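Undergrad: To start, I am sharing the structure in question, which I have written as structure tokens.
Just so you know, all these numbers are worked out from the coordinates, no wet-lab data involved. On a predicted model such as this, the values are computed, not experimentally measured, just so you know. Because the Cβ atoms are built from the backbone with ideal geometry, glycine has one as well, and the counts that use them run over all protein chains shown.
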Amino acid sequence: MLEIPTGQGAPIESITLAANALELGVLLSVADDDLDAFARNISQLKPYYAALSAANNTANTERKCHVLGLNLMNLLVDNRLSEFHAELELLTDDDAKSSYVSFPITLERQLMVGSYDEVLAAQSAVPDPSYNFFMEQLLETVRDSIADCVEVSYKVMKLDDAVTMMKFDSVSELQEYIQEKREDWIVEDGRLMFQPPPIGSKAVDIPSQKLMGQALSYATELERIV
């Protein structure tokens with residue numbers, strides 16, 4: 001573990017060098033999908049950033065905003081919103097304006113109002129490929145939120161409507177999702193049923209436009225409550 005140089009004679013260059021090494025560790029841990037190493041490196045970095053700030057308000061590292069943005073993405077994916085907002089309070093104005101940091105801030109706002117289309121569209125606008133690791137997890141969280149709302153609100157819908165609602169590219173992708181996460185859902189005759197139909201009766205389709213409007217409303221309300 002790196003030690004922070006202490007005392008009045010500790011040069012900023014030494015602190016910066018140590019911070020740079022840990023920042024590289026953060027990026028490598030993301031590339032390796034190693035969240036434990038990611039958390040360790042972030043934890044060790046914070047004292048260095050504080051030391052740099054105390055030594056010189058304008059002192060910074062080349063990758064600081066990149067690392068701060070990745071940390072915000074991790075907190076957002078884990079739904080650790082209190083920690084997310086606590087980190088925002090520590091940002092300088094310049095930090096918040098960085099594309100690395102403003103990206104997760106915008107995502108959080110979109111999630112809070114249920115703007116799932118905008119969240120999904122953001123996947124093509126990440127500030128750096130390293131963000132894709134967290135974006136993939138975030139998109140799964142979005143789909144799970146929509147699925148939770150839909151299955152308690154409707155008895156049946158067309159598979160094509162479910163594909164549109166849950167932002168999949170094809171019916172096959174939806175079916176893979178069902179096999180992995182929603183084994184209790186029933187696929188039959190081009191329909192998706194969340195509750196078995198009564199014996200001797202036939203499930204009735206819900207009009208597509210009405211279904212989509214209501215489900216999005218439920219999803220929005222869920223995000224606001226959370």
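Undergrad: Using label points projected 7 Å from each Cα along Cα→Cβ, tell me how many nm separate ALA86 and GLU118, to one decimal.
TA: Each label point is offset 7 Å from its Cα along the Cβ direction, giving 2.8 nm.
Undergrad: While we're here: Please give every one of the aspartates and glutamates within straight-line cross-link reach of LYS167, meaning a C-alpha to C-alpha distance under 16 Å, and leave out same-chain neighbours fewer than 8 residues apart.
TA: ASP117, GLU118, GLU136, GLU140, ASP144, ASP148, GLU151, GLU176
Undergrad: Ok, one more. Taking Cα pairs under 8 Å and at least six residues apart, what relative contact order does segment 35-193 come out at, in percent?
TA: Reported relative contact order: 16 percent.
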